Amino acid sequence: MLIFMASCTGLVDGINDNPNDLAIEDVDAALFLTGAQLANIVAQGGHLNRISGMYSGQLVGITSLYSNIYGYALSTAESVSTWSRIYIGVVTNTRHIIREAPDDKLLTGMAKVLEAHAIGTAASLFGDIPYGEINNTEIADPKFDDQMSVLNAVQSLLDGAIEDLSPSASRPLSVDIHFGGNPDAWREVAYTLKARYYLQMKDYTSAYAAALNGISSDVNSMKYVPRGDANNSEGDKNLFWEILEGSRAGDIGTENSYLMQLLDASSGISRNNAKTDEAARFGYYSIESESGAANTGIIEQFEPQNLVSYAENQLILAETGTRTQDAATGLDALNALRAWLNTGAGVNANFQGEPFLYEAYELADFESGGMENADGIATERALLREIIEERYVSGFGMYMPFNDARRLRKDDTDIAVPYVLVDGPAAPYPERMPYSDDELNANENAPDEDPGIFVKTMVNE
Amino acid sequence: MKRLLLLINFLLVATWTMAQVTVTGVVTDASGEAMIGVNVYETGTTNGTTTDLDGKYTLEVKDANSTLTFSYIGMQEQTIDVAGQSTVNLEMRDDSQLLDEVVVTALGFEERKDEMGASSTAINTDAVARSGEAGVINGLSAKASNVRIIRSNGDPGAGSAIRIRGANTISGNGSPLIVVDGVPLGNSTDYGGGNNITGGRTGGVSQQSRLNDINPNDIASMQVLKGASAAALWGSRAANGVIVITTKDGALGKPKISYKASVSFDQITERVPLQDTWGQGRNGSYSPTSAESWGDYIPDRSGAADVVDESGEFFTAADGTVYYPIEEKNSTATFVDSNQDNVFQTGGFVQHDFSISGGSEKASYYFGLGRLDQEGIVKNSDYDRTNVRFNNKMYLADWLTLSTKAAYTLTSSNRIQQNSNTAGLMLGFLRTPPDFDMTDYIGTYTSSSGEEVAGRHRSYRRYLGNAVNPTYNNPLWTINEQTATSNVNRYVINPQITITPVNQLQFILRGSADISDDKRVYFFPISSGGDRSPGIFAEDIIGRQAVNFDAIAKSNFDITGDIGLAATLGWSVNDRRYRRNSGQITGFLVNARKETTSLNTAAESSQFENFKTHRRSNRGYGVLGFDFFDKVFLNLSGNLEASSTISGRFFYPAADVAWQFAENAGPLSFGKIRAAWGRVGVEPAPHRFQTLAEGGFAYSTYSDPIDIALFGGGFRIDDDLGNPNLSPEIKTEWEIGTDLRFLRDKLGVGITYYSNVINDILISVELSPSSGYDTQYGNFGAMKNNGLELDLNWEAYRNSDMKLDVFTNFSRNRNEVTDLFGTETINLTPGASVSSRAIVGYPLGVLFGTGSQTDDAGNYILDENGFPQLTASPEVLGDPNPDWRLGGGLNFSWKGLTLNAVIEHSHGGEFSPRSLWVLRRFGTTQETANRLTLDQDLTNFDGDVIPAGTTVRGNIEDFGAGPVLLDETWYRHGIGGGFGDNQVYNFSIADATFTKIRELSLSYKLGSNLFNEKINGITVGVSTRNWFYWDNIDGIDPEISQTGVGAGQGLEYFTNPATKSLLITLGVDF
């Protein structure tokens, strides 16, 4: 009994509180936003993005790991980092913000958009993923939900975000590295994301409706904008530049990929025509793989990376407008983008001195025998084919080309970009990214093994 | 409880009611000197007294038939009948015989070993002091069964791990608890922030073990409590056993002054055999900037002067020697020996030990002063230690004793960068080609345009100093230009008050404070290898503080005539704090050597980091010791512990029983059977309850980091999920054993078998990422051990002039990791291509890496050229735990001459000397230097057929499909030498068996009472330490460890070498 009295816990209570790191409750919820944004940036523009670029004929794996992956030797280990950035880096922190600052609608709105962006990307890349049971301390092993239900949940999340992001929520917010706390820009991004996911769900009517409220100008494009000291080679630079400037120099580049051939006036499959000169974009897109520093174009160290862009929204309007309204509606949207490109906005200052031309198309150009319909297919199909090709080009550096390729493979092969993997394997091309090795190992509700990269996801079945 | 009080009451009353006959006498020791402080009491009562300064006592006893009991620590207790005499004189007898051996328990009390049910091994402290080791830990090698010392390397002051009965934890502290004079003494080995500059524990410098702060000469006794039962009172700190140390007290009598000086001469034990026939280069051609020595055959060179290009860049060494770009290498000079001599020296130490001790009836004292000055075998490495100790005891009244033990230690040292670290010593040294002279390592580089840069580093890969980064350090830069100093001040003070109101009851109040500060400075000047080339100056200031308070009540009494009970009740509070402040300046504006932040005052070049821990435990404990008929002894103990690091409280019970079944039965003079069961723990790491807000992180998907610090800072929810339900790791152990003595106690044997399971092992496990967190620290593992221990002591011969004692100990331990809750492997040594891991079904620490594919029969699956093929994934390559170990020795004396020998044999186990493996790629070892003319066509690793008659550099090997040629294609760019995860590391695994003669010493004591009795004796001695040894790895001592003090073992990677010594000692007793 004496022993029992002597060993009371009162003497030791509270001592185990961590003296080195701050407790979560000590930190203002807004301070978790930047980290979630950074995690989202690498998930959207990092390793799996580069792999998706290789699998859609845009990039070429030259040596080491990227050449193995280019040859379809893609292990579940390659998804570990991106998966973790999405579920831990983004969602754990956005959920915390939503929980801790429910009345700060600007914050909750941004957090919802980030989560929808990250989870939507995960659903489109991996297929069925955990969502309904995630981030619940009571559930160690969340079950996997089907892809369609996750995308529907993402739509609801975006609806909630749009509601939160009313203009009145506006205030300057330095922790928002994308828009500095501008709710209008965030709301437009939310609409474009809705359109993106409706497009993937092949709900073109809803996609069109959402895109009408989507990103209205390039200023409101959501981008990762590198910054900092030019002598500092990593941590705040263009992600592609970082890998080539570091130990992965020479591993991956554009080489003579299908994308580059499309832009190259001298190739047999060039998309240049009387109204289109892609010389500047060809130069801008060419990646010098031997080092980061050798690049002045799309992966120059300070070159922004598109996450959700004006071009994407405009091209959704063009595609879904053509599909659900009429060809003229679609064409107008395409020509609006071409007019913007014709200002030199599609390349950076280093390439604006090179020739470019994006004259407005006319419907006649897509009619049988027109300049974009030499093979005499239906006008609307020809227009759609041009729109999809523009998505393929404008989407360089995003998941868009990979997503389109998979989306159109079922019923729309006539308008899909008929890419090949130069110096790489032949079709069939991958239909998804493998699950994270860590999730497969730790989660009892995960499949025993990954279904493989050639299995179609639900929306593309 | 009521009964106990009644008994005490009765005894108190009894004290006052008798006294009729007066007895006086003098108590002396064997040499006839009066003994002060001997307890004299009437047998079976509390009526007693102690002897005075002249050894005299006076005691009134009940009647002339009473008996008197005389007792004194370290002496045999004796009972004498008064038998009507009024004077009873007595000569106390030494207790050094095996009979009545006294052991010190976990609480610091002395008990008779013969009455204990748990195994406990006494260490011969003279042998530790005599071992020739500068630190006490290494001195424990071979001294007791199942006490294994795992060294880091031979650097002065380098720490070592102590492992008792194998591994008992995976991520927790694997060292035993050290209890000095009844209170825990910190024995951490902190790697701190400075090692991170060079890649953490697998790089950097060796760090010290804080137990080595104690001076071996101040130790009076040392006891190893291996089992859970003996250690259970220490609860969550006792899973790895307890080492109980008692420091010296003053012996009663006139002041004894002694002085001892030791001089040690240390040398490198083993040198990696380096070749001197093949030049720097690749593919048989010389290249002065190549990393490797797969160049030309040196004897084939013309021997003329090298042809150089004097038209452009050049390097001017400190002594004016000028180096130009080499166009044609003609010189046949090689520098293997001179390079070696540039770096290594005969090191050693000088140690002075001075002590004064003595006492009167009112007080006793011991004063010890020690000073060690050690120089390493690597030039410029050193370790100095100053120890001051004052132990004093005051007998304030019959019932009140006050003792204070205070010690101060100052250590300072300079360590040499080592291990996996391009600024480390052995990495640059062993990779240096034989035809590179490293002497000129610093100077001025002049570019072809005439630009001069002073202070440039000339290394074998940058022999013109034409880059700020030398790639690998020139070893002379490592030892002369880089510094890594450590300065530790440590104060330990233990006051204790003992109150004895009556003879059978004692109260002890014991406190202690153990406070140290440790300042470490790391300095890499501009042009040091790797990331350090812009210059780094870093400082770690580490403070440690441990405060302990114990209140203990002890009572002994007889329940009936045949049943005795000793009860102990205690309460203890222990509070430990750790604090580290680390600052760093990276990138010097000025190429100077001054350790100052002025080297770069730009804000962005400096970093500051702060790390603290605090833990406290609060324990209540009790021990009940029953004695039945003086034959059977039963101990029950319990310890209820509340600790800041666990949720709630935890109870640690233990029980042991001893049965003395034989006494003087034929040749068997004593026989005891013992059994024990107990539970001990390992406390969780501190501050792991909460999930935190983490600032400072970077996200990457594949070599594309994006850093929050560069985006205005910010936080994330820590991806390591907190765990508020942590409980200690629990080891439950039982053991049975016997202690037997034969031939009138001349031969003693102790045998123990033990078996334990360790549950709730604390590790970090990976969570489902979709749950929102990456990892969680918690009770997620299990392990088990069993083993056998045998200790044997034999007084082989003894007469008045001659004495021969022999001892031996044998131990084996079998460990198996039984559960990791789904985690496949835990890497105990991150960063190494061959790692030491925890894997279910294997012993802790197994070596793990890629190997060769084999079929079911174990034969290699060969490629079409007859070479092994790499396994697709890493696999278990070996087990670094020894199969069994044997220690032994003898002590022989004849008149003044004494001969001591201690030998240790460690049998089996595996070791991966990765330096040797990587050096195959570099082509600097003799293994790669063989030159032969083929007598048959042979295929090499690349599949090229080399025709008979060709003279090649290589070896012939048969992997199972006929002979093949191992040449540069195998060793340098194939899978048979090099780094990374694509090597057949199964061939890098070697047998770790070794035998070392730890000590061989001869000393002579010149008489006694010399120089008019001013000097009591002079002893001179000569001894060796680890001088004679045998192992199976040519060039690397399997006792060194790349990862220093920790759970990982069996690895080496350009680790600084081990040492051996020759010592001379001189001792004078006044």
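The values are calculated or read from the model by the stated rules, or taken from the named source; none is laboratory data. Owing to the predicted nature of the structure, the values given are computational and were not obtained by experimental measurement. In this analysis, Cβ positions are derived from the backbone assuming ideal geometry, glycine residues included, and neighbour counts consider all displayed protein chains.
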Picking from B:A685, B:A675, the residue that is surrounded by fewer than 19 Cβ atoms within 10 Å (Cβ to Cβ), touching a residue at least 60 places away in the same chain (Cβ under 8 Å) and assigned to a loop (DSSP other than H, G, I, E, B) would be B:A685
Picked from segment A:208-254 (must be under 18 Å from the mean Cα position of the chain (by Cα) and more than 26 Å from A:A318 (Cβ to Cβ)), the residue nearest to the other protein chains (Cβ to nearest Cβ) is A:L239
* Asked: Is it the case that segment A:172-190 has a residue that's within 14 Å of another protein chain (Cβ to nearest Cβ) and polar (S, T, N, Q)?
  -> yes
The lone condition B:L640 fails out of (1) modelled with pLDDT of 95 or more; (2) within 14 Å of chain A (Cβ to nearest Cβ) is (1)
When B:V183 is run through (1) free of Cβ contacts under 8 Å to residues at least 12 places away in the same chain; (2) within 30 Å of B:I497 (Cβ to Cβ), the failure sits at (1)
Of the residues in segment B:55-95, those that are charged (D, E, K, R) and exposed (fewer than 13 other Cβ atoms within 10 Å of the Cβ) number 2
Going through segment A:283-323 in order, the residues found to be surrounded by 21 or more Cβ atoms within 10 Å (Cβ to Cβ), modelled with pLDDT under 95 and polar (S, T, N, Q) are A:S289
The strands (runs of 3 or more DSSP E) lying entirely within segment B:17-83 that contain at least 3 residues which are among the β-branched types (V, I, T) are B:21-28
When (1) facing chain B (nearest Cβ under 9 Å); (2) surrounded by fewer than 24 Cβ atoms within 10 Å (Cβ to Cβ); (3) part of a helix (DSSP H, G or I) are applied to A:D17, the one that fails is (3)
For segment A:23-36, the count of residues that are aliphatic (A, V, I, L, M), at the interface with chain B (Cβ under 8 Å from one of its Cβ atoms) and closer than 25 Å to A:H178 by Cβ equals 5
Counted residues in segment B:170-180 being more than 13 Å from the chain's Cα centre (by Cα) and buried (at least 23 other Cβ atoms within 10 Å of the Cβ) come to 3
Flagged in segment B:412-451 as within 35 Å of the chain's Cα centre (by Cα), part of a strand (DSSP E or B) and either charged (D, E, K, R) or surrounded by fewer than 24 Cβ atoms within 10 Å (Cβ to Cβ) (or both), in numbering order, are B:S412, B:N414
Subset of segment B:385-435, residues in contact with a Gly (Cβ under 6 Å, 6 or more places away or on another chain) and hydrophobic (A, V, I, L, M, F, W, C), comes to B:A423
Would it be correct to say that B:G199 is surrounded by fewer than 23 Cβ atoms within 10 Å (Cβ to Cβ), over 30 Å from B:N635 (Cβ atoms) and more than 17 Å from the chain's Cα centre (by Cα)? yes
If you go through A:A43, A:A77, A:A123, A:A39, the only one that is buried (at least 24 other Cβ atoms within 10 Å of the Cβ), touching a residue at least 24 places away in the same chain (Cβ under 8 Å), among the aliphatic types (A, V, I, L, M) and more than 9 Å from every other protein chain (Cβ to nearest Cβ) is A:A123
Taking segment B:580-612 and keeping only residues that are away from chain A (no Cβ under 14 Å) and assigned to a strand (DSSP E or B), one is left with B:G583, B:Q584, B:I585, B:S606, B:Q607
Among residues of segment A:55-74 being within 13 Å of chain B (Cβ to nearest Cβ) and at pLDDT 90 or above, the residue surrounded by the fewest Cβ atoms within 10 Å (Cβ to Cβ) is A:I69
Taking segment B:220-255 and keeping only residues that are among the hydroxyl-bearing types (S, T, Y) and more than 21 Å from B:N124 (Cβ to Cβ), one is left with B:S229, B:S236
Note to self: A:V113 - would you say it is in contact (Cβ under 8 Å) with a residue 24 or more places away in the chain and within 14 Å of chain B (Cβ to nearest Cβ)?
What the structure shows: no
Of B:A566, B:A538, the only residue that is farther than 30 Å from B:P470 by Cα and either modelled with pLDDT under 95 or touching a strand residue (DSSP E or B) at 6+ places or on another chain (Cβ under 9 Å) (or both) is B:A566
The residue from B:E735, B:E694, B:E663 that alone is at the interface with another protein chain (Cβ under 9 Å from one of its Cβ atoms) and either touching a Cys at 6+ places or on another chain (Cβ under 8 Å) or assigned to a strand (DSSP E or B) (or both) is B:E694
- Task: State whether one or more residues within segment A:348-363 are within 30 Å of A:A43 (Cβ to Cβ), buried (at least 18 other Cβ atoms within 10 Å of the Cβ) and under 20 Å from the mean Cα position of the chain (by Cα).
- Result: no
The number of residues in segment B:643-660 that are among the hydroxyl-bearing types (S, T, Y) and at the interface with chain A (Cβ under 8 Å from one of its Cβ atoms) is 3
The residue from A:F396, A:F402 that alone is crowded, with 18+ Cβ neighbours inside 10 Å, under 25 Å from the mean Cα position of the chain (by Cα) and in a loop (DSSP other than H, G, I, E, B) is A:F396
State whether the residues of segment B:704-725 include one that is in contact with a helix residue (DSSP H, G or I) (Cβ under 8 Å, 6 or more places away or on another chain), buried (at least 24 other Cβ atoms within 10 Å of the Cβ), under 20 Å from B:R576 (Cα atoms) and not polar (S, T, N, Q). no
Given (1) touching a Gly at 6+ places or on another chain (Cβ under 6 Å); (2) more than 8 Å from every other protein chain (Cβ to nearest Cβ), B:F670 misses just (1)
Does any residue of segment B:439-452 turn out to be among the acidic types (D, E) and within 30 Å of B:I298 (Cα to Cα)?
yes
Checked segment B:899-934 for anything under 30 Å from B:T1024 (Cα atoms) and aromatic (F, W, Y); matches are B:F911
Residue set B:R615, B:R577; condition facing chain A (nearest Cβ under 9 Å) and either under 29 Å from the mean Cα position of the chain (by Cα) or under 30 Å from B:K672 (Cα atoms) (or both); output residue B:R615
Cβ pairs under 7 Å, 6+ apart or interchain, first in segment B:196-218 and over 13 Å from B:G1044 (Cβ atoms), second among the small types (G, A, S) and assigned to a helix (DSSP H, G or I), ordered by first then second residue, are B:P216/B:A129; B:P216/B:G139; B:N217/B:A129
